[in-house]
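The values are calculated or read from the model by the stated rules, or taken from the named source; none is laboratory data. All values reported here derive from a predicted model rather than from experimental measurement. Neighbour counts are summed over all protein chains in view; Cβ atoms, including those assigned to glycine, are modelled from backbone coordinates with ideal geometry.
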Amino acid sequence: MTNVKFITIATFLVCFLLCSCGNSRKETEKNSNPQMEANDSLRVDSSVSEITPEMAFEGVNNYCHQEYDWSIAEENPDIMTVTMGEESGTEYQVVFRSYTGALVHFYVDKKTGKTRIFESVPSMNIKEEKGCIDLHNYLGKGMDLKTTASNKESSETKNSLTGKFVSEYDGSSLTITARNDGQYSVVVDLFRLTSLDDGVGVDAEGGIDFTATDAAGNPIGGRITLAADMATLTFVHSTWSLIENGAKWEFNRKKSN
């Protein structure tokens with residue numbers, strides 16, 4: 001009886017040791033091949049990316065040609081460009097450079113195509129978020145027709161932005177003139193306050209962004225928006241004590257006699 005118990009216990013110990021060796025061998029093989037684990041991780045990461053760099057560039061490029069007036073760049077294409085920027089783990093960056101030197105940064109989500117838009121003016125250290133678009137709406141065929149229509153509309157809009165506008169309240173005036181380089185000359189005369197006669201404006205969403213020199217010799221900037229025949233001037237970048245950021249003036253278009 002004692003021999004039977006001994007044999008049974010010995011058999012159990014042998015089986016236990018064999019199983020332990022087998023598990024240890026599997027763990028050793030798994031830990032000795034980190035490259036396999038790294039490859040598996042890379043395959044998982046790449047499988048979740050739905051937007052390629054080529055798609056990001058195509059969509060943003062189509063958007064820029066639809067939304068911005070490229071006619072000024074016909075003779076010198078290098079003054080307006082769309083290029084790929086830095087790439088993060090979740091987003092592609094595409095950068096549009098205007099002939100004015102302003103930059104528009106597009107951050108394209110690799111999974112969804114949601115694209116955040118930021119406008120910046122490096123010379124004034126300004127960067128503002130302008131909203132977002134769905135990249136998928138700007139991929140594929142049919143963009144040429146949209147671009148042609150957009151350029152025509154842009155030309156008509158440019159003409160509607162120019163002219164002389166006068167305040168009915170105190171006679172202050174705003175004069176906007178189109179320049180040959182596609183920008184605007186902006187002259188502001190605020191009654192008993194100041195005159196800005198060196199303003200330079202560029203197309204912006206819904207109007208014109210301009211910069212000039214204030215009475216203290218520092219840069220001052222604002223946005224001009226138009227609704228029908230009324231122009232609203234809002235100062236957004238001012239360091240002059242007599243004009244605060246957010247200050248507004250309204251003007252009516254002066255009719256030709």
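Looking only at residues that are among the hydroxyl-bearing types (Ser, Thr, Tyr) and crowded, with 18+ Cβ neighbours inside 10 Å in the range 83-99, which one is farthest from GLU119 (Cα to Cα)? Here the residue is TYR92. Across the range 114-139, the qualifying residues are those that are among the small types (Gly, Ala, Ser) and loosely packed, with under 13 Cβ neighbours inside 10 Å, and the one among them that is nearest to GLU91 (Cα to Cα) is GLY131. For the range 184-202, the tally of residues that are in contact (Cβ under 8 Å) with a residue 24 or more places away in the chain, buried (at least 19 other Cβ atoms within 10 Å of the Cβ) and either under 14 Å from THR100 (Cα atoms) or acidic (Asp, Glu) (or both) stands at 2.
For the structure I just gave you, tell me whether THR239 is modelled with pLDDT of 90 or more, of a type in the set (Val, Ile, Thr) and surrounded by 15 or more Cβ atoms within 10 Å (Cβ to Cβ). Write out each step before concluding.
Values: modelled with pLDDT of 90 or more: yes; of a type in the set (Val, Ile, Thr): yes; surrounded by 15 or more Cβ atoms within 10 Å (Cβ to Cβ): no.
No.
Criterion applied to MET80, MET55 was being more than 30 Å from PHE210 (Cα to Cα), crowded, with 16+ Cβ neighbours inside 10 Å and either touching a strand residue (DSSP E or B) at 6+ places or on another chain (Cβ under 9 Å) or at pLDDT 55 or above (or both), and the one residue passing it is MET55. The residue list GLU67, GLU86 contains one member that is of a type in the set (D, E, K, R), without any contact (Cβ under 8 Å) to a residue 60 or more places away in the chain and more than 19 Å from VAL200 (Cβ to Cβ), which is GLU86. When the range 227-257 is filtered for residues that are part of a loop (DSSP other than H, G, I, E, B) and among the polar types (S, T, N, Q), the ones remaining, listed by number, are SER238, THR239, SER241, ASN245, SER256, ASN257. Within the range 177-204, the set of residues being of a type in the set (Asp, Glu) and either more than 22 Å from ALA215 (Cα to Cα) or not in a strand (DSSP E or B) (or both) comprises ASP181, ASP203.
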